[in-house]
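A.B. asks: This is the structure I have questions about; it appears just below.
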Number of protein chains: 2
Amino acid sequence: MSHLQTIISNFAQSDGASVVTTRADTVFVDLRQRIVEGQVPMGSKISEPELARHYDISRSTLRDALSRLEGCGLLERKANVGYRVVTLSTAKLIDIFRVRESLEGMACHLAAQCMSTEQISELKALLQEHERSESLQQGEAYFQQEGDLDFHFKIVQGSNNSLLIRLLCEELYFLVRMYRYQFGMASPRAKKAFGEHRNIIQAIEDKDGELAEILMRRHIAASRLNVEKRMNTQ
Amino acid sequence: MSHLQTIISNFAQSDGASVVTTRADTVFVDLRQRIVEGQVPMGSKISEPELARHYDISRSTLRDALSRLEGCGLLERKANVGYRVVTLSTAKLIDIFRVRESLEGMACHLAAQCMSTEQISELKALLQEHERSESLQQGEAYFQQEGDLDFHFKIVQGSNNSLLIRLLCEELYFLVRMYRYQFGMASPRAKKAFGEHRNIIQAIEDKDGELAEILMRRHIAASRLNVEKRMNTQ
DNA sequence: ACGTTTCAAATTGTCGACAATTTACGGTGA
DNA sequence: TCACCGTAAATTGTCGACAATTTGAAACGT
């Protein structure tokens, strides 16, 4: 299974019972993807009549989809004015990193306590797969980055805390992916990140929740510091 | 200013630019309150036609409000079936505590770094006010509990991280209030909680982010352990 | 030329009706 | 009596139209 396939399958299953049935669902998923990838430019105004025509649906159906996208933080709404695609900024990115530090740290802590041996095996297999493909096509930072998100995704799933899972996998991670697509910061930390991932897995395997949490927090903080450093030099 | 007034004003200002303009806004705020207070019983099915009649609005307008309530985690939706009021459970409450531990811990950390001296003074004044009214009408656990949330509210506001503020003040805290109203667990920790609040403020005043975070996490963890203990004895 | 006002076009908010799906209930058969 | 099925009622999904508000530009005055 390729990285991209893994990602797609994981995000699909993250939607829970989202065997897409309704039209609004379809539009929600499609528009979400288009926003994440920047096909709908960030900061741009959403024209309901235009979008409704584009998808060949009514405004009611479209608005249903839009309200859900607002819940993901991808759209912002102002009464009597309408929706806009969220405008990313370095400051907001740092805010997101801080939230990820705390939430994923906790998720990692819980995952260490309750992941099954089978889940841990899957995690290790995922890491190995990433390392293998990294050695094959090194420098292909794009896949590595999405692969990184896949790794984090699996750990959150292992936390067994549905609120955490919802907040991270169904909301925040789409914003994160949006940043990666559009700020495209090819991380110079790819190599280091692998080692950090390995250590995190080890802590989880040892059922050492406290250590796992600390390692995960540092892992994410390192990315944040990277962004902060770049911000200051500009 | 009484506690209740403080609470209301804080939550009002938390809605940001929510100078209620649209009908859906009004219904959203009102229904949110009714759900939190249990006037709309938890787990109950939302009948769109019935609710629309009750508020004398169309289903479109109602659905706008409902979709926002879903974003707060107060309603759950299933395609082709409709909305239900969320069903609270001890397990979910513990999930919430874990998220609060991590998020509010981080908020407290950041607040220690960037709260202004004026903000800190306000925080101290709030604590004093709580202590005063506590000594006056001790045992009135209800006010203390809402007051406690008010305290946490102010710290989160001081974090200067709008994502944190949104996640906690505009989403999670309504769920927390719902639990307090409906599970009505009069905390036996009231007295202890005051001391913990005082120590947290001290750490913030000392700009000791790490300590402030640890203290806040322990403060919330203590409530969680309280619930877990009660759960096991039943 | 600049700021203000006015009015028209476009957009969002709201409504009621119809279509598609689910739910409830009564009937049929074993 | 119980399980299964089919039809009718109720509910949600979707649609197009109208009302309220915002936006943009033209007209006006200074």
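A.B. asks: As an exercise, use a Förster radius of 25 Å and the Cβ-Cβ distance of A:Asp208 and A:Arg77 to find the FRET efficiency, rounded to the nearest 0.05.
C.D. replies: Using R0 = 25 Å, I get an efficiency of 0.05.
A.B. asks: Based on the Cβ-Cβ distance of B:Lys229 and A:Cys114, what FRET efficiency does E = 1/(1 + (r/R0)^6) give at R0 = 22 Å, to the nearest 0.05? Don't skip to the answer; put the middle values down first.
C.D. replies: Working: r = 20 Å, r/R0 = 0.90.
Once the sixth-power term is evaluated, E becomes 0.65.
A.B. asks: Using the Cα centre of the range A:90-232 as the reference point, and only Cβ charges (+1 on K/R, -1 on D/E), how large is the resulting charge dipole? Debye, rounded to the nearest 20. Show your work: numbers first, answer last.
C.D. replies: Working: 19 positive and 21 negative charges, 118 e Å.
With Lys and Arg at +1 and Asp and Glu at -1, about 560 debye.
A.B. asks: Return the average number of partner chain Cβ atoms within 10 angstrom of each residue Cβ along peptide A:95-103. The partial results should precede the final answer.
C.D. replies: Details: counts 9, 2, 1, 9, 9, 2, 3, 13, 6.
The per-residue average across the peptide is 6.
A.B. asks: Sticking with this one: Per residue of B:65-75, count partner chain C-beta atoms within 10 Å of its C-beta, then hand back the mean as an integer.
C.D. replies: Details: counts 0, 1, 7, 4, 0, 3, 6, 1, 3, 0, 0.
Averaged over the peptide's residues, the number is 2.
A.B. asks: Among B:Val27, A:Val227, rank each residue by its count of other Cβ atoms within 10 Å, from fewest to most, as a rough exposure measure. Show your work: numbers first, answer last.
C.D. replies: On the way: B:Val27 23, A:Val227 18.
Going from sparsest to densest Cβ surroundings: A:Val227, B:Val27.
A.B. asks: Calculate the spin-label point distance for B:Ala221 paired with B:Ala91, positioning each point 7 Å from the Cα along the beta-carbon direction, and give it in nanometres.
C.D. replies: Taking the two extended label points, one gets 2.4 nm.
A.B. asks: I'd like the mean, over residues of B:47-55, of how many other protein chain beta carbons sit within 10 Å of each residue's own Cβ. Please report the intermediate quantities before stating the final value.
C.D. replies: On the way: counts 0, 0, 0, 0, 0, 0, 0, 0, 0.
Mean shielding by partner chains, rounded to a whole number: 0.
A.B. asks: Using each residue's phi in the range B:164-177, evaluate 6.51 cos²θ - 1.76 cosθ + 1.60 at θ = phi - 60° and report the 3J(HN,Hα) Karplus result to the nearest Hz, with x for Gly and Pro.
C.D. replies: Taking θ as phi minus 60°, the curve returns 4, 4, 5, 4, 8, 6, 9, 10, 5, 5, 6, 5, 4, 4 Hz for the range B:164-177.
A.B. asks: Return the ratio Rg/(2.2 N^0.38 Å) for the range B:90-232, where Rg is computed over Cα atoms only. Numbers along the way, then the final one.
C.D. replies: Values: Rg = 14.3 Å, N = 143, 2.2 N^0.38 = 14.5 Å.
Compactness ratio reported: 0.98.
A.B. asks: Give me the extension gain from B:Gln39 to B:Asn160: residue separation times 0.36 nm, minus the current Cα-Cα distance, reported in nm with one decimal. Let's see the in-between values first.
C.D. replies: Numbers: separation 121, 0.36 × 121 = 43.56 nm, distance 3.43 nm.
That pair, B:Gln39 and B:Asn160, stretches by 40.1 nm at full extension.
A.B. asks: Can you grab the distance from the C-alpha centre of the range A:41-102 to the C-alpha centre of the range A:159-222, Å, no decimals?
C.D. replies: Centre-to-centre distance over Cα atoms comes out at 25 Å.
A.B. asks: Still on this structure, I have one more. Taking the beta-carbon count within 10 Å as an exposure proxy, list B:Arg218, B:Arg189 from fewest neighbours to most.
C.D. replies: Working: B:Arg218 15, B:Arg189 18.
Final ranking by Cβ density, sparse to dense: B:Arg218, B:Arg189.
A.B. asks: Cut-off is 10 Å between beta-carbons; in what order do B:Cys108, A:Cys169, A:Cys114 appear when sorted fewest neighbours first?
C.D. replies: On the way: B:Cys108 28, A:Cys169 23, A:Cys114 13.
Lowest to highest Cβ neighbour count: A:Cys114, A:Cys169, B:Cys108.
A.B. asks: OK, next. Fully extended, how many nm does the chain gain between A:Tyr55 and A:Ser121 (0.36 nm per residue separation, minus their Cα-Cα distance)? Can you show the working numbers first?
C.D. replies: Numbers: separation 66, 0.36 × 66 = 23.76 nm, distance 4.23 nm.
Extra length available between A:Tyr55 and A:Ser121 comes to 19.5 nm.
A.B. asks: What list of ³J(HN,Hα) values in whole Hz, one per residue of the range B:109-126 in order, does the Karplus curve 6.51 cos²θ - 1.76 cosθ + 1.60 (θ = phi - 60°) give from phi, with Gly and Pro shown as x?
C.D. replies: For the range B:109-126, the Karplus-derived couplings read 4, 5, 4, 4, 7, 9, 6, 6, 4, 5, 4, 5, 4, 4, 4, 5, 4, 4 Hz, x marking Gly and Pro.
A.B. asks: Amide H to amide H under 5 Å from A:Gly82: which residues, 5+ apart in sequence or cross-chain, H placed 1.01 Å off N in plane?
C.D. replies: The list, which skips near neighbours in sequence, is empty: none.
Read the figures in this text as sums done on the coordinates, not as results from a lab. This one's a predicted model, so the numbers in the text were calculated from it and none came from an experiment. Cβ coordinates were reconstructed from backbone atoms using ideal geometry, including for glycine residues, and neighbour counts include every protein chain displayed.
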